[in-house]
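The values are calculated or read from the model by the stated rules, or taken from the named source; none is laboratory data. Keep in mind that what you see is a predicted model, and the values were worked out from it rather than measured. Here the Cβ positions follow ideal geometry from the backbone for every residue, glycine too, while neighbour counts run over all protein chains shown.
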Amino acid sequence: MAEVERKIGAGVIEVTVELPTTADARWCIDEYFKEIAQRFEFGFDPVKSNPASDEDMSPPNGFFIVARLDGYPVGCAVLKRKSETTAEIKRMWTASYARGRGVALKVLRTLEDIAREIGVSILQLETNKALKEAQALYRKAGFREVPPFNGEVYAHHWFEKHL
């Protein structure tokens, strides 16, 4: 880990759309699941969570984003289309050693740009009460808290943004 942190340094953030089946995409999702299983009060079981299948995360249904610092994967997120005008952000994650460097904000802005390009005008997402930094990021980025719009069992906060 120290070697990865040393190599990343100040780093250049690169954000790309790729299929969720790539090695880097799978690694990010695996790390995301491991982290939230540790951070959520009662753990995390992907089977109980609202799904995001490979099909949901691939065009034209969705877009999988991988963030890299100096070529190393350090984050991900998914834009999952719900309707012609609404999409949901899922699986947003940044590696702990890459936080505070603007990775998540760049990923979020990239998802917003993609949403606009495909005609989506409403973005939705939900998050767990344990993810205080995520809640702060979404508020800072212009998302507002709304009543629940889905039955996600791990969610405590639902957000929406009109583009």
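Annotation note: Cβ proximity below 9 Å between a residue of the stretch 87-103 that is surrounded by 22 or more Cβ atoms within 10 Å (Cβ to Cβ) and a residue that is among the hydroxyl-bearing types (Ser, Thr, Tyr) and in a loop (DSSP other than H, G, I, E, B) (sequence gap 6+ or interchain) occurs for no pair.
The residues of the stretch 126-146 that are part of a helix (DSSP H, G or I) and out of contact with any helix residue (DSSP H, G or I) (no Cβ under 6 Å at 6 or more places or on another chain), listed by number, are Lys132, Glu133, Ala134, Gln135, Ala136, Tyr138, Arg139, Lys140.
Matching residues to (1) over 13 Å from the mean Cα position of the chain (by Cα); (2) in contact (Cβ under 8 Å) with a residue 60 or more places away in the chain; (3) farther than 22 Å from Gly102 by Cα:
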residue	(1), (2), (3)
Asn50	yes, yes, yes
Ser58	yes, no, yes
Ile65	no, no, no
Gly75	no, no, no
Val78	no, no, no
Ser83	yes, no, yes
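When Thr21 is tested against (1) touching a strand residue (DSSP E or B) at 6+ places or on another chain (Cβ under 8 Å); (2) outside any helix (DSSP H, G or I), exactly one condition is not met: (1). The residue pairs whose first member lies in the stretch 111-136 and is in contact (Cβ under 8 Å) with a residue 40 or more places away in the chain and closer than 20 Å to Glu84 by Cα, whose second member is of a type in the set (Lys, Arg) and assigned to a loop (DSSP other than H, G, I, E, B), and whose beta carbons are closer than 8 Å, counting only pairs six or more residues apart or on different chains, are Gln124/Lys82.
Of the residues in the stretch 136-149, not one is β-branched (Val, Ile, Thr) and either within 30 Å of Tyr72 (Cβ to Cβ) or at pLDDT below 95 (or both).
Condition check ((1) surrounded by 13 or more Cβ atoms within 10 Å (Cβ to Cβ); (2) of a type in the set (S, T, N, Q); (3) modelled with pLDDT under 95; (4) in contact with a Lys or Arg (Cβ under 9 Å, 6 or more places away or on another chain)) across all residues:
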site	(1), (2), (3), (4)
Asp24	yes, no, no, yes
Cys28	yes, no, no, yes
Tyr32	yes, no, no, yes
Ala37	yes, no, no, no
Glu55	no, no, no, no
Pro73	yes, no, no, no
Glu84	no, no, no, no
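Here Thr85 fits the description: over 21 Å from His157 (Cβ atoms) and of a type in the set (Val, Ile, Thr). One residue is enough: does the stretch 107-125 have a residue meeting the conditions in a strand (DSSP E or B), within 11 Å of the chain's Cα centre (by Cα), buried (at least 20 other Cβ atoms within 10 Å of the Cβ) and not hydroxyl-bearing (Ser, Thr, Tyr)? Yes, because at least one residue in the stretch 107-125 is in a strand (DSSP E or B), within 11 Å of the chain's Cα centre (by Cα), buried (at least 20 other Cβ atoms within 10 Å of the Cβ) and not hydroxyl-bearing (Ser, Thr, Tyr).
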